[in-house]
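What follows is one structure encoded as structure tokens, with my remarks underneath.
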Amino acid sequence: MTEAPKYFDEMFWPDGTARVPYAEYSDWFGTEDVRRLKRKSAQAEALFRLTGITFNVYGAEEAGERLIPFDLVPRIITAQEWTILSRGIDQRVRAINSFLHDIYHRQEIVRAGRLPAEMIAQNAAFLPQMIGVAPPGNIYTHIVGTDLVRTGENEFFVLEDNARTPSGVSYMLENRETMLHMFPELFSKVKVRGVSQYPRSLRRALSASVPPKCEGPPTVAVLTPGIYNSAYYEHAFLADQMGVELVEGHDLRVVDGRVAMRTTQGYKAIDVLYRRVDDEFLDPMTFSPDSMLGVPGIMDVYRAGAITIANAPGTGIADDKAIYSYMPDIVEFYTGEQAILKNVPTHRCSEPDALAYVLDNLADLVVKEVHGSGGYGMLVGPAASKKELAAFRAKLMAAPENYIAQPTLALSTVPILTNAGLAPRHVDLRPFALASPGGVEIIPGGLTRVALKKGSLVVNSSQGGGTKDTWVLED
Amino acid sequence: MLGKTAGGVFWMLRYMERTENTARMIDAALRISLTRSSAAESEWTSLLTTTGMLGAYYDRHSAVDGHKVINFLLRDPTNAGSVMSGVELARTNARMVRTALTREVWEAVNECWMVLKDMLARPVREQDLPEILQTIRQRSAFVRGSLHGTMVRNDIYDFARMGTFFERADNVARVLDVKYYILLPSIMHVGSASDNVQWETILRATSSTRAYQTLHEGEFDSRKIARFLILDKRLPRSLAFCYGKIADNLGYLAEDYGERLECHTMVDQICNRFNTTSIDQIFEYGLHEFITEFLIDSQRLGQQIEQDYRFIE
């Protein structure tokens, strides 16, 4: 009588019993009144508004600041699952840093025939200005957010390696604070690993990456495009939590070969700059000449070893969607091990055979722009109308090299709280890793994004997604 | 701390103080217009002059009308000097300097913005006005209180406090600048009932009525009122009090940074004038001239602080 479920639900087996990691939570939930929980949910929203955890929507005038909806049912991961995930992420982050060093130096991976030369030479994310530059400890990407999806009990896939300026960590931290505040009793029942050490770990990782010219205790600062940026809240939050200055381009200038910030007592040199400004805006003298967000001359200072920029310029090539399809080779080439975490099978539309396959199976595939992000410009075949498929087909044929295609994954679901009680919705997971010359640290938790619309597979906040607290259980 | 941050906290508190002062002045003008309808129009006009927005008002409206003035000063989005615009600016500054503030201070500013945005979303009706004016004053006091109760006493705090006292002194001086003639001795009106009402307006606009009465046994006298608002250091809104505070905060900065700058010399001069001048000497010199010069000096000092502490490049 019951229809076989198409998707793996992380909380309930098809027969309605709770999976082991959710057993205690499920018992607790059974004793709760849904109306009380809905009231709690409204309180949480009021708290987020007061705290100012909002994001700016470009082009939306009046309601310029929005909240990302928060769902109060946690996403729970067991200690065993986490062990595998964190080992896999650690391996990938190490491989990515080795890869970045290699492609900006000898390009051994190309010489070895494991990566076609044009993947680098013709890639817009490759920065020639970085050739021969070796950042402290050879760390290029200090902060990585690895997007994972799950399709079964033991089936995890990496969807994307966000190696340039991953965002969302403030939600990981604030969601946990909110849950602790609302349901303290839950945390005495269920042993959840903490995440609040993240800002300290971040500061430690940044301080450990000091440039050679730094003397004394390192001065760290966060560079933001300003209060109108969609992630400004996070920039301010991280600077505040780390106890460092939050600077904008107009606070900075190059003084005596160092990048310095204008303080009330004159210019003070910065040793490590955690920038949340994209490469192309970083230095108007090197990249976009009309950028007001960056610091003229910072690239010269960087190349002279007088400042550390985190993440390094040019790291974007490692999370490029075309490079992504080579990640299993990249991991193996630099670590000598098989990749622990699987890639989603990816068709590179630049290759004629792959393109033919994609065109034949468009209605079953997800097609993404190679340089796109935020869920914009992508096609979800099974959800698209005939008209949308035809329009996309034309775009794809006009510039196949701009696209990759992947099978539509049966993303796992976790319930959300609705007026009618629990209802399953699709989720993904972005844990955060910090790399420094001392090693890689992975915070046990992450950002769980959830598609609030029934049946939707798109979890991006810009496309109506919400977030959940993510619990990694203690052993 | 960043120069930009110093400027941000300074202006955040200036805007908060300004919105509170506008609420006080509307309250005082409303009182007059309700009790003496013949004086209503001139009172609203004088309020627009004090806030420096008479010209902007006439760009939008052809005649002075209480309801229109109130809405113009409280919520007109085209009026950069309205209470709502001031609260928006205070919050924008608070967001910009978020890392320099405690969570309490930020939330006090943010909540002030959320509450007033809602209250001032529609044209203000007369019956709602008392509650709105009270809310504005309470919310501003809440920000000041959070600052006082939770912030570390360092340079950030000094710049914030200076913002409050700069704006407050400026406001009291403007009230006096527009109303000075009421306080001048005149053969026609000496001791008349009309004088008493006018004098009371000045005290009401600066929330000093009760303090004045307590300290002067209820006796209304123009010279005593002027002395009270300009020179009496017991009144937390007098020019002398505000400048005493500004001098203190600049002094802490000099100590902290180990450096005396041009602004320190300037503030000493201004304070010195308050300490060595009597109210009789001020009236002899000319009340209006004294106030005008004070406003100019005050503006110069503000610019000097901005430059000395690198608010902008």
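Just so it is clear, none of the values below were taken in a lab; they were calculated from the coordinates. The shown structure was predicted, so the numbers you read here are calculated from the model rather than taken from an experiment. Cβ placement follows ideal geometry from the backbone for every residue including glycine, while neighbour counts extend to all protein chains displayed.
What the phi angles of the range A:271-276 give under the Karplus curve with 6.51, -1.76 and 1.60, with θ = phi - 60°, is a coupling list of 8, 10, 10, 8, 9, 10 Hz, glycine and proline written as x.
Please compute the average number of Cβ atoms from other chains found within 10 Å of each residue's Cβ in peptide B:91-100.
5
Amide H contacts of A:THR308 (H built 1.01 Å from N, in plane; Pro and chain starts excluded): A:VAL272, A:LEU273 sit under 5 Å, all sequence-distant by 5 or more or on other chains. Summarised as an ellipsoid, chain B has semi-axes of 31, 26, 16 Å, derived from the eigenvalues of the Cα gyration tensor scaled by 5 and square-rooted, with the largest first. Report for the protein assembly as shown the percent antiparallel among DSSP-assigned beta bridges with both residues inside it, nearest 5. Among the beta bridges of the protein assembly as shown, antiparallel pairing accounts for roughly 75 percent. Here the calculated FRET efficiency for A:HIS105 and A:GLU155, from their Cβ-Cβ distance with R0 = 30 Å, stands at 0.25, rounded to the nearest 0.05.
Listed peptides A:12-21, B:84-93, A:288-297, B:52-61 appear in the order B:84-93, A:288-297, B:52-61, A:12-21 once ranked by packing, highest mean of other Cβ atoms within 10 Å at the front. Amide hydrogen proximity for A:ASP9: with H placed 1.01 Å from N in the peptide plane, the residues at 5 or more positions away or on another chain lying under 5 Å are A:THR413.
Its relative contact order, with pairs defined as Cα atoms under 8 Å and 6+ residues apart, puts the range A:127-225 at 24 percent. Sequentially through the range B:153-168, phi angles give Karplus couplings (6.51, -1.76, 1.60; θ = phi - 60°) of 7, 9, 4, 4, 4, 4, 5, 4, 4, 4, x, 4, 6, 4, 5, 5 Hz, Gly and Pro residues having no value and appearing as x. Using the Cβ-Cβ distance between B:HIS61 and A:GLU177 with R0 set to 51 Å, the FRET efficiency works out to roughly 0.60. Quick one: go through the range A:327-348 and flag any residue whose amide nitrogen is under 15 Å from the point 7 Å out along the Cα-to-Cβ line of A:ASP364. Taking a point 7 Å out along Cα→Cβ of A:ASP364, the residues of the range A:327-348 whose backbone N falls under 15 Å are A:345-347.
The range A:432-475 and the range B:35-77 have Cα centres spaced 54 Å apart.
List the pairs from A:LYS6/A:LYS387; A:LYS6/A:LYS321; B:LYS117/B:LYS224; A:LYS342/A:LYS387; A:LYS368/A:LYS454 whose alpha-carbon separation is above 29 Å, in the order I gave them.
Those over the limit are B:LYS117/B:LYS224; A:LYS342/A:LYS387.
Seen through its C-alpha gyration tensor, with square-root eigenvalues sorted a ≥ b ≥ c, chain A comes out oblate because a/c lies at 1.5 or above while a/b is not bigger than b/c. Summing +1 for each Lys or Arg and -1 for each Asp or Glu among the other residues whose beta-carbon sits under 14 angstrom from that of B:PHE72 gives 0. Rg/Rh for the range A:248-388 stands at 1.14; both radii use Cα atoms, and Rh follows the Kirkwood definition.
Taking all Cα pairs closer than 8 Å and separated by 6 or more residues, the relative contact order of the range A:186-338 comes to 21 percent. Summing charges over all other residues whose Cβ lies under 12 Å from the Cβ of B:PHE241, with Lys and Arg as +1 and Asp and Glu as -1, gives +3. Distance between the C-alpha centres of the range B:133-166 and the range A:13-57: 37 Å, rounded to the whole angstrom. Cβ-Cβ distance of A:LYS386 and B:GLN307, R₀ of 56 Å, FRET efficiency by 1/(1 + (r/R0)^6): the value works out to about 0.25. Protection proxy ranking, highest mean first, for peptides B:135-141, B:295-301, B:117-123: B:135-141, B:295-301, B:117-123, where packing is the per-residue count of other beta-carbon atoms within 10 Å, averaged.
Out of all DSSP beta bridges in the range A:209-285, what portion is antiparallel? Express it as a percent rounded to 5.
55
Close amide H pairs (under 5 Å, H built 1.01 Å from N) link A:ARG425 with A:VAL414, A:ILE416, residues at least 5 positions away or on another chain. Sorting the Cα pairs of the range B:121-254 by distance into bins of 5 Å, from 0 upward, gives 2, 9, 15, 17, 17, 15, 12, 8, 4, 1, 0 percent per bin.
Note on the range B:292-313 and the range A:175-189: Cα centroid distance 50 Å, given to the nearest whole angstrom.
Taking a sphere under 15 Å around the Cβ of A:PHE287 and counting the other residues whose Cβ falls inside, with K and R at +1 and D and E at -1, yields a net charge of -3.
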